[in-house]
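So the structure is just underneath, and the comments pick up after that.
The values are calculated or read from the model by the stated rules, or taken from the named source; none is laboratory data. Bear in mind that the values here come from a model prediction, so they are computed numbers and not experimental data. Don't worry about glycine lacking a Cβ; one is built from the backbone with ideal geometry, like all the others, and counts go over all protein chains shown.
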Amino acid sequence: MSVTIQEVPPISKTSQEIPEPTTGGVESEYKKSGLSLPAVLRRRDFRLLWLGEAVSLLGDQFYMIALPWLVLQLTGDALAMGSVLALAGIPRALFMLVGGALTDRFSPRKVMLTSNLLRMGLVFALALIVLTGSIELWMLYAFALLFGLADAFFFPAQSAIIPRLIDGEQLETANAIMQGTMRLSLFLGPALAGGLIALLSSPASAGIGEAAPEMDGIGIAFAFDALTFLVSAITLWRIAPAKAGIDVQGAGAGSVLSAIWEGLVYVWKNLSLRTVFLLIGISTFLINGPVAVGIPVLADMRFPEGAAAFGIIMSAFGGGSLVGIILGGALPGLSPRRLGLVLGAIWSGLGLGVLLLGLTSTTGIAALVALAMGVTNGYVVILFISWLQRNTPPAMLGRMMSLLMFAEAGLLPVSMAITGAVIKLNATSLFVIAGGLMVLIVLLSMMNPALRDLGLAQFQSAEAAAD
């Protein structure tokens, strides 16, 4: 599963108290009455969250285009570009669990608001430095570290806030709205950002340097991103903290490290959680790495369309993922008795897709396989995140979301490095072995009731798990 990584009663006024989310379990058969998009968006606080995040996600794409382009304009060195981007990932990975613990202690809203204001200040400062022609490479390294640190606190809080703003039976729809908006921003944002940079760029001016003819457009792109952080911060500020019950301290007065340890113990002592988190790590290692590194290699080595084939296959995966997200929000909710079986079948399907990618020799078939993988991936994201949000005690939500993201992000660099080394030996064998192992591991796991009866698992309280 890949969570990128990123989200009633008919009407709820701000003066009304929003009910606590359900906690699931065996006591009730959960059902969802199809797509309830209008009802979810009538939730004022969720609508504020969604609008702010939609604007901010669009701004993120301007940042993701402008930053590597800036490094290339300064240095012309792809290695420097990669190192700046990679540097932001180090504090993001190291401090993500800390972000989850602080989310439970100070509330998702406060953590998101603080992170957005910090990132707004950083990006606005970068925009000024670029526009005044004062930018140097070492500044970008420092910026990447600080920005990655602020990022680490935001993402667990973003996932933890959603079940506090809506009822449990509409989590799939709410998460589909948030995840679908993210995919849409990935589709629209890069083209808009690239067009803006090209349109607003001017010839090099004094103080900027002859090797940097596009600094004006890059600086304005950063300024636009900073403005989107401000919009998101305003919408978060307008969410009613007391009415929504999201600013209540939850993680106790112990140290942050003890809070993180409590979250780890909580997962370890629950066999169902331990099994599924392990499978997430395995799928990251066996699926995400080969797909990210292997598909461009296959396109270059095997498909006559070359780079065009790479684009077609990845677009098919992205489009399929959006369809899967929509299905996850629109289809009726699964019975708890079927949840584990469906998740196992989907994970097996992803493994089979990787295996087939290694065997196909035409772009069309590879695109169809990628489309199917995207649909199943998008659907499992909504299904699993909603289940986890629904069943996790509110005081533990931030730590669960951070652990989920860490399980996905932690092994990805290792997987990508190993894939890059092994694929030089034999690309077909890499895909076949990785996909086959995924299918085999999931099928063996399905023999374990911990996965098979996942939807019926009873989650104990955080305090009991820590004892």
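Observations
- Segment 99-124: number of residues that are farther than 17 Å from A144 by Cβ and in a helix (DSSP H, G or I): 17
- Test: residue in segment 38-50 that is part of a helix (DSSP H, G or I) and surrounded by fewer than 16 Cβ atoms within 10 Å (Cβ to Cβ): yes
- Test for L383: is it buried (at least 16 other Cβ atoms within 10 Å of the Cβ), at pLDDT 90 or above, within 20 Å of the chain's Cα centre (by Cα) and farther than 20 Å from I260 by Cβ: no
- Restricting F106, F124 to residues that are among the hydrophobic types (A, V, I, L, M, F, W, C), within 30 Å of P163 (Cα to Cα), crowded, with 16+ Cβ neighbours inside 10 Å and assigned by TED's automatic domain parsing to the domain that holds I218 narrows the list to F106.
- In the condition set (1) crowded, with 21+ Cβ neighbours inside 10 Å; (2) under 16 Å from T428 (Cα atoms), L352 is compliant with all but (1).
- Looking at A292, A299, just one residue is among the small types (G, A, S), touching a helix residue (DSSP H, G or I) at 6+ places or on another chain (Cβ under 8 Å), assigned to a helix (DSSP H, G or I) and farther than 25 Å from M178 by Cα, and that residue is A299.
- Listed by first and then second residue, the pairs linking a residue in segment 302-317 that is farther than 10 Å from A367 by Cβ to a residue that is modelled with pLDDT of 75 or more and charged (D, E, K, R), with Cβ atoms under 8 Å apart and 6 or more places separating them unless they lie on different chains, are G306/D300; A307/D300; F310/D300.
- Top-ranked residue in segment 332-346 [being crowded, with 16+ Cβ neighbours inside 10 Å and part of a loop (DSSP other than H, G, I, E, B); ranked as modelled with the lowest pLDDT]: G333
- From the options A409, A395, A372, residue that is modelled with pLDDT of 85 or more, outside the structural domain of I161 (by TED's automatic domain parsing) and small (G, A, S): A372
- Checking V439, V422 one by one, the residue that is surrounded by fewer than 21 Cβ atoms within 10 Å (Cβ to Cβ), under 19 Å from G281 (Cα atoms) and β-branched (V, I, T) is V439 and no other.
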